[in-house]
Amino acid sequence: MMKSTTKTLIAAGLLSASVMAEAGLSANIGAMSDYYFRGTDQGVNGASMMGGLDYEADNGLSVGTWAASLNNGELEVDVYGGYSGEVEDFSYYLGYTGYLYTQDGATDFHEINFNLGYGPISFEYTVGTEDRSGGAAEQDYTFAALTGEYEGAYLTYGSFGNDYDGDYWEVGYGATYEGLDLGVAYIDPDNTIGSEETISFYISKTFDF
């Protein structure tokens, strides 16, 4: 959604399951033909370029940043950090994500994220706030998603709550070829999200330091 860090899975949307990353510093760069996130069209005309930098410590703590190109030379810049671990056959992640935008008057988002994984099944639950500009009232929202994976293929159902409304289905496949991460996803959002169904492709490369 791409590099298998918790952030990448949160930010890009194509590979929605939570995957544990190896400790160390890494960078990733890529492109997506149609930038959708949680079933929602991000309003980018044409392909979006993306890249990020991640650090994960041996003790499970991680921090990182990730950016995507938007229209008219503007950027989405995400910052995030959290803690991941395992208890018997379960994996978990608890962290914070901020979605910040460089355009004047843009709305920023702040979230607390929780992921729980067991085998090929993962569950995500998020509590977020939409920090509106110009003195407008904040909006609070929740997001929950359930994902199942099998040999690179995945199926996700996600749903918004509180001040937001809408749900979506996403089915896709990802693979690595010659050091590149490649994938495709079919995304079918509910009309209340204000997006249309689409097929999105991505390509990315990860560099470990």
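The values are calculated or read from the model by the stated rules, or taken from the named source; none is laboratory data. Just so it is clear, the structure is predicted and the values come from calculations on it, not from any experiment. Note: ideal-geometry Cβ built from the backbone for every residue, glycine included; neighbour counts use all protein chains shown. For the accessible areas, the whole protein counts, side chains as well, though only heavy atoms, and no ligand, DNA or RNA atoms are used. Shrake-Rupley method; radii C 1.70, N 1.55, O 1.52, S 1.80 Å.
Here are the numbers:
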{"quantity": "Looking only at the stretch 76-100, and only at residues there that are open to solvent by 40 Å² or more (accessible area, probe 1.4 Å) and of a type in the set (Val, Ile, Thr), the one that is nearest to Ser48 (Cα to Cα)", "calculated": "Val77"}
{"quantity": "Which numbered condition Tyr150 misses (of (1) surrounded by 15 or more Cβ atoms within 10 Å (Cβ to Cβ); (2) farther than 18 Å from Asp163 by Cα)", "calculated": "(1)"}
{"quantity": "Test result for Gly161, in a strand (DSSP E or B), over 25 Å from Pro120 (Cβ atoms) and open to solvent by less than 40 Å² (accessible area, probe 1.4 Å)", "calculated": "yes"}
{"quantity": "Residue satisfying all of: in the stretch 101-118; over 14 Å from the mean Cα position of the chain (by Cα) and either polar (S, T, N, Q) or modelled with pLDDT under 95 (or both); most open to solvent (accessible area, probe 1.4 Å) among these", "calculated": "Asp104"}
{"quantity": "Looking only at the stretch 37-78, and only at residues there that are farther than 14 Å from Ala27 by Cα and among the β-branched types (Val, Ile, Thr), the one that is farthest from the chain's Cα centre (by Cα)", "calculated": "Val44"}
{"quantity": "Condition met for Thr142 (assigned to a strand (DSSP E or B), touching a Gly at 6+ places or on another chain (Cβ under 9 Å), farther than 18 Å from Phe37 by Cα and not small (Gly, Ala, Ser))", "calculated": "no"}
{"quantity": "Pairs with Cβ under 6 Å, 6+ apart, first in the stretch 103-116 and among the small types (Gly, Ala, Ser), second at pLDDT below 95", "calculated": "Gly105/Ser133"}
{"quantity": "Single residue of the stretch 164-192 satisfying the filter (in contact with a helix residue (DSSP H, G or I) (Cβ under 7 Å, 6 or more places away or on another chain) and of a type outside the set (Ser, Thr, Tyr)) that is most open to solvent (accessible area, probe 1.4 Å)", "calculated": "Asp165"}
{"quantity": "Residue in the stretch 193-202 that is open to solvent by 30 Å² or more (accessible area, probe 1.4 Å) and in a strand (DSSP E or B) present", "calculated": "yes"}
{"quantity": "Tally, over the stretch 17-50, of residues that are over 22 Å from Gly95 (Cα atoms), assigned to a loop (DSSP other than H, G, I, E, B), of a type in the set (Gly, Ala, Ser) and at pLDDT 90 or above", "calculated": "2"}
